[in-house]
Amino acid sequence: MSNRIELEASYHLNDDYSEILEKIKQEDFKLISEVTEEDTYYTDKDLIFVNNRICLRTRKINEDYLELTYKPKSDDLTEKYGKKEVNIKIDAKDYSDIKYVLTELGYLEYVSFKKHRKTYSKEINNVEYNVMIDKIDGVGNFIELEILVDTEEEQKKLHDELDNFVERMSCSKLKEKEKPYRDIVKEHMKGNKNEG
C-alpha cells in the first residue's frame, strides 16, 4: 500500500505543447514511464462522492498493473490542491473481482476511460516532483504538476513550492483544469450523446 500526500496543479494543454516539453528538458526531468491507464471511477447512489470530489477509482496500467485508489473529500474546488491519497496494489488478474466487490458494496460505476500518460520525474531534497502529460482520446491534452510528500507537516512547508513549480514550468499561462478527469470525461460523453 502506498499512502502519500500529493500537492497537485492541473492545466489544459493545446495540441502543440513543445514549450512545456522544452521546460521539462531544461529543468532536468527524466521520462520515467509512458503508459496507457484505464481508469474507472465509482460513486455512491446519491452521487455524494461526485459532489464532494471524493475519489474511489480502479486504475489498470498496460494490462499488467492494477491499483485501487481512494482520495477523501476535497474542500478546495479547484484542481490545485493538496490531499492524502491511498493506493492499494492489487493483482491485475483480480480486476473483474474488484469490480464485482465494489458493485456488491453498493458503489456504482460512474465513468471509465483510457488515458495515455507520460510521466517525468526528479527528486530534490527527498521530495518527489512529477510532471504528467496526459492525452485522453477525443477529449484533449492535459498537464499535471505534482509534488509528493510523506507527512502533513511537509505538505504545509511545501504549499508555496507548488506555486513556484507552476511558474518554473510556465503553466501559469495555461488554462487551469477546473474539474477532475472523471467529470471532464463524463460531461464530454453527455455532450456527444446530445449531439447524436
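This ranking places 132, 189 by how few other beta-carbon atoms lie within 10 Å of each, fewest first, which gives 189, 132. Residues 39, 94, 183, ranked from the fewest to the most other C-beta atoms within 10 Å, line up as 94, 183, 39.
Run lengths n ≥ 4 of DSSP H only: what is the helix-derived mean residue ellipticity at 222 nm for the chain, with -39500 (n - 2.57) per run over all residues, to the nearest 500?
Details: 5 runs with 55 residues, N = 196.
Calculated mean residue ellipticity at 222 nm is -8500 deg cm²/dmol.
With contacts taken as Cα pairs under 8 Å and at least 6 residues apart, the chain reaches a relative contact order of 32 percent. If you model segment 2-195 as an ellipsoid using its alpha carbon gyration tensor, with each semi-axis the square root of five times an eigenvalue, the axes come out at 27, 20, 17 Å, biggest first.
Taken together, the values in this text are just the output of simple stated rules run on the coordinates, not laboratory data. Keep in mind that what you see is a predicted model, and the values were worked out from it rather than measured. No Cβ is skipped: glycine too gets one built from the backbone with ideal geometry, and neighbour counts run over all protein chains shown.
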